[in-house]
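A short reminder: the numbers here are calculations on the coordinates, not readings from a lab. None of these values were measured; they are calculated from a predicted model. Using ideal geometry, Cβ is built from the backbone for each residue, glycine included, and neighbour counts are taken over all protein chains shown.
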C-alpha cells in the first residue's frame, strides 16, 4: 500500500521571511503542488520518485522546476524565484514516493 496524504512547507526569501506556503498532495498516481489556490504542478508520482532517487538533472513539470543546489533540494516557480525545500519534507517524500 502506498502512502497518500498532504504535506505543507513555507517558502522563504533570501532574508528568511515567509513568502507563502506550498501544499503537496500525494495521491496514488500523482503529486500535486499548490500555492494558495493555484495549482503549480500535477506530476506523475513514478517520474517524481525516479528524480528523487537520482536528482542528476532538473525535473521540470508544469510551472515548477525541482533541482539540486549542492546538497539542498530546491524548486523554482514560474522560472523566477527559487526556494529551498526543507530537508524533512524531502526526506518524507523520498520515503513515501
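One line per residue, one yes/no per condition, for (1) in contact (Cβ under 8 Å) with a residue 12 or more places away in the chain; (2) under 14 Å from residue 75 (Cα atoms):
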| residue | (1), (2) |
| --- | --- |
| 9 | yes, yes |
| 17 | no, no |
| 23 | yes, yes |
| 26 | yes, no |
| 30 | yes, no |
| 33 | yes, yes |
| 36 | yes, no |
Region 72-90, subset without any contact (Cβ under 8 Å) to a residue 60 or more places away in the chain and in a helix (DSSP H, G or I), residue surrounded by the most Cβ atoms within 10 Å (Cβ to Cβ)
90
Restricting to region 37-64, name every residue that is assigned to a loop (DSSP other than H, G, I, E, B), in contact with a strand residue (DSSP E or B) (Cβ under 7 Å, 6 or more places away or on another chain) and under 19 Å from residue 86 (Cα atoms).
55, 58
Just the residues that are farther than 19 Å from residue 69 by Cα and part of a loop (DSSP other than H, G, I, E, B), please, taken from region 1-36.
1, 2, 3, 4, 17, 27, 28, 29, 36
Within region 31-41, which residues are buried (at least 16 other Cβ atoms within 10 Å of the Cβ) and over 15 Å from residue 90 (Cα atoms)?
34, 35, 40, 41
Among the residues in region 43-58, are any surrounded by 15 or more Cβ atoms within 10 Å (Cβ to Cβ), touching a residue at least 12 places away in the same chain (Cβ under 8 Å) and within 21 Å of residue 18 (Cα to Cα)?
no
